[in-house]
Amino acid sequence: MNKNVSTFMGCDSEYGEARIVLFGAPFDSTSSYRAGSRFASAAMRGESYALEDYSPYQDRDLSDIMVFDGGELELPPGSAQMALEAIERFAGKVLDDKKVPCMIGGEHLVTLGAVRAAAQRFRDLAVLAFDAHADLRGDYLGETLSHATVMRRVWELVGDGRIHQFGVRSGCREEFTWGKGRVETHMYGFSGLQETAERLRGVPVYLTVDLDVLDPGIFPGTGTPEAGGVSFTELLNAMLVTAGLNIVGFDLNELSPACDPSGNSTLTACKVLRELLLLHG
Ligand code: MN
Ligand code: MN
């Protein structure tokens, strides 16, 4: 008999031996449109078993790498500040133990907690973001902690020229104007990613994948879908470009399972996560 332990598929290493520590950050209180991303990590664990552990793209198997699944953080709904503190504490402990935190959101704001932990420990941290949205607002309806402001808050930590965004196709005029010279924003897709990756060789990089970078035609399970997105293959190829980078932490976020009753978006998110784990594990 075995105890019922539900991890993401193939992620059954012990903490001490693991290189990657997977955890869920189920928080969606600042979602500006459809909430529900706090159910993403639990949904992904259940659905993940529909996929193979093996990636033909990388000729690697999850059984080849050491991943500890730490389950879900307990985050207080409605308090972005307390949720971010809890995420920062957890990610900080993982980093102090010389492991790589891999966080499943939640909405995109959760990234700020993990980046706070990484920025304290790695000078010259760069942030690579795949997202349909610029997320560079100073505030959203007066609220400074929001998934619509997360990259602006990250900029306050890492400074000019340290944020590299790809796939962006939505934002207000002020975000793009403000971002000029401060944030490297690549519109619509991944052109320029190879060059950016070459410049980031050896630099500590935090990678954040807001899954709404995918086209809502293939990924409707997200709170603020934005037409004109990339295909799964384009995202996969972009992730493969990050191989060899010094990724010190990464996350994927903004899957909102109930927005896609077919379940396909959840499975797509699982596949994205499998590839990320195999790349950086
Ligand atoms: Mn975002
Ligand atoms: Mn987004």
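The values are calculated or read from the model by the stated rules, or taken from the named source; none is laboratory data. Given the structure is predicted, the values throughout are model-derived calculations rather than measurements. When we count neighbours, we look across all protein chains shown, and the Cβ atoms used for this are built from the backbone with ideal geometry, even at glycine. Remember, those area values only see protein heavy atoms, side chains included, never the ligands or the DNA or RNA. Shrake-Rupley method; radii C 1.70, N 1.55, O 1.52, S 1.80 Å.
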Taking the condition buried (at least 19 other Cβ atoms within 10 Å of the Cβ), out of contact with any Gly (no Cβ under 6 Å at 6 or more places or on another chain) and within 24 Å of L51 (Cβ to Cβ), does F232 pass?
-> no
Out of region 241-271, which residues are open to solvent by less than 20 Å² (accessible area, probe 1.4 Å), outside any helix (DSSP H, G or I) and more than 14 Å from ligand 2 (Cβ to nearest atom)?
-> T242, L245, I247, V248, G249, F250, D260, G263
Selection count, region 140-150, where residues are under 19 Å from G223 (Cβ atoms) and away from ligand 2 (no atom under 14 Å from the Cβ) = 3
Of these, Y33, Y49, Y15, Y57, which one is of a type in the set (F, W, Y), in a helix (DSSP H, G or I) and either surrounded by fewer than 20 Cβ atoms within 10 Å (Cβ to Cβ) or in contact with a Phe, Trp or Tyr (Cβ under 8 Å, 6 or more places away or on another chain) (or both)?
-> Y49
Lone qualifier among R182, R199 - being touching an Asp or Glu at 6+ places or on another chain (Cβ under 9 Å) and farther than 23 Å from S262 by Cβ | R182
With (1) away from ligand 1 (no atom under 12 Å from the Cβ); (2) farther than 17 Å from V158 by Cβ; (3) of a type outside the set (K, R) as the list, and G106 as the residue in question, which single condition is left unmet?
-> (1)
Can you find even one residue in region 110-129 that is closer than 14 Å to L211 by Cα and open to solvent by 10 Å² or more (accessible area, probe 1.4 Å)?
-> no
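Yes or no, residue by residue, for (1) in contact with a strand residue (DSSP E or B) (Cβ under 8 Å, 6 or more places away or on another chain); (2) open to solvent by less than 10 Å² (accessible area, probe 1.4 Å); (3) away from ligand 1 (no atom under 16 Å from the Cβ); (4) of a type in the set (F, W, Y):
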| residue | (1), (2), (3), (4) |
| --- | --- |
| V150 | no, yes, no, no |
| V154 | yes, yes, no, no |
| G161 | yes, no, yes, no |
| G167 | yes, yes, no, no |
| C172 | no, no, no, no |
| M187 | yes, no, no, no |
| S191 | no, no, yes, no |
| Q194 | no, no, yes, no |
Would you be able to tell me the number of residues in region 83-139 that are assigned to a loop (DSSP other than H, G, I, E, B), of a type in the set (A, V, I, L, M, F, W, C) and away from ligand 2 (no atom under 13 Å from the Cβ)?
-> 2
